[in-house]
Amino acid sequence: MRRPLLAGNWKMHTNILEAYLLVAEIGKCAAGLNDRDVILAPPNVALNAVSRVLLDSDVLLASQNVCWAEEGAFTGEISPAMVKSAGAVASIIGHSERRQIFHEDDEMINKRVLGAVEYGLIAIFCIGETLEERESDTTFDILEAQIRKGLAGVTAEAMKNMVVAYEPVWAIGTGKTASKEQAQEVHAFIRKLLAEIYEKAIADSVRILYGGSVKPDNVDELMAQPDIDGALVGGAALNAESFCRIINFN
Ligand code: 13P
């Protein structure tokens with residue numbers, strides 16, 4: 001019912017030539033995979049160049065963040081219209097690195113989400129708890145607050161363009177994946193909360209991705225969980241062979 005979505009977030013890795021070559025390889029192994037979506041988020045500066053390699057491909061592109069305004073005095077930002085003109089259809093928003101390193105708070109992330117959906121971009125809205133929060137048993141409170149604040153003002157109609165990515169901070173780049181049971185428990189919680197905020201039909205149609213040390217050797221068991229609809233992959237998306245294995249999950 002929900003079409004699987006495998007997304008690669010390259011973070012601040014690859015120059016334009018490296019991005020171009022990597023996208024070309026991934027594009028080849030994604031050819032013919034028509035029962036799932038594949039999205040790549042190279043550095044924003046490489047979006048336009050790699051979009052040219054993907055002209056004949058089903059692989060889609062995302063920016064790694066997006067501003068709420070169409071244009072203006074926002075030094076260092078990229079607008080939804082710019083994202084689209086560079087050939088992308090989606091934006092990652094609220095990544096834990098944006099929250100932690102760059103101090104983006106729920107209110108700012110909410111503005112970015114609203115901006116993205118207003119301009120017709122798919123918003124890949126990230127949430128996740130820290131290790132300290134998990135150990136103090138506040139995971140569900142933290143995630144609920146992130147969702148309620150991040151999605152404030154997002155209409156039921158706009159939920160068609162929303163993807164939620166659950167990325168426990170303690171699992172990002174650490175090699176410590178959430179177990180399939182831990183991830184499924186949180187995904188089911190998120191879906192139940194979405195049903196409360198919106199309605200069951202909407203909750204049932206929103207794709208919820210898991211992110212945090214997704215690798216070729218754990219993707220199959222994660223994807224077998226009923227509420228895990230895809231993956232947001234960091235490190236393993238920087239290598240064509242491992243990302244190809246991930247998008248070809250069983
Ligand atoms: P890793 O897959 O490297 O843990 O990164 C996950 C992530 O942050 C994707 O957005």
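The values are calculated or read from the model by the stated rules, or taken from the named source; none is laboratory data. Here the structure is a predicted model, which is why all the values come from computation and not from measurement. When we count neighbours, we look across all protein chains shown, and the Cβ atoms used for this are built from the backbone with ideal geometry, even at glycine. Heads up: the accessible areas ignore ligands, DNA and RNA and are worked out on the full protein's heavy atoms, side chains in. Shrake-Rupley method; radii C 1.70, N 1.55, O 1.52, S 1.80 Å.
List of remarks:
- Options Ala145, Ala123, Ala188: the member that is surrounded by 19 or more Cβ atoms within 10 Å (Cβ to Cβ) and either at positive phi or modelled with pLDDT of 95 or more (or both): Ala123
- Taking (1) surrounded by fewer than 18 Cβ atoms within 10 Å (Cβ to Cβ); (2) closer than 22 Å to Asp229 by Cα in turn, Ile26 satisfies each apart from (1).
- Criterion violated by Asn110 - all others in (1) within 18 Å of the chain's Cα centre (by Cα); (2) assigned to a helix (DSSP H, G or I); (3) under 30 Å from Val53 (Cα atoms) satisfied: (3)
- In the set Glu70, Glu97, Glu77, only one residue is in contact with a Lys or Arg (Cβ under 9 Å, 6 or more places away or on another chain) and open to solvent by 30 Å² or more (accessible area, probe 1.4 Å); that residue is Glu97.
- Segment 220-250, subset away from the ligand (no atom under 12 Å from the Cβ) and either free of Cβ contacts under 8 Å to residues at least 40 places away in the same chain or of a type in the set (S, T, N, Q) (or both), residue surrounded by the fewest Cβ atoms within 10 Å (Cβ to Cβ): Asn250
- Some residue of segment 58-66 being touching a Pro at 6+ places or on another chain (Cβ under 8 Å), open to solvent by 10 Å² or more (accessible area, probe 1.4 Å) and under 23 Å from Leu151 (Cβ atoms): yes
- Test: residue in segment 115-135 that is more than 19 Å from Ile208 (Cα to Cα), β-branched (Val, Ile, Thr) and assigned to a helix (DSSP H, G or I): no
- Hey, Asp217 free of Cβ contacts under 8 Å to residues at least 24 places away in the same chain and surrounded by fewer than 17 Cβ atoms within 10 Å (Cβ to Cβ) or not: yes
- Checking each residue in segment 29-53 for being under 18 Å from Ser85 (Cα atoms), of a type in the set (A, V, I, L, M, F, W, C), within 21 Å of the chain's Cα centre (by Cα) and surrounded by 18 or more Cβ atoms within 10 Å (Cβ to Cβ) picks out Ile39, Leu40, Ala41, Ala46, Leu47, Val50.
- So Ala201, is it within 16 Å of the ligand (Cβ to nearest atom) and assigned to a helix (DSSP H, G or I): no
- Hits in segment 204-238 (condition: in a helix (DSSP H, G or I) and within 21 Å of Gly8 (Cα to Cα)): Val219, Asp220, Glu221, Leu222, Met223, Gly235, Ala236, Ala237
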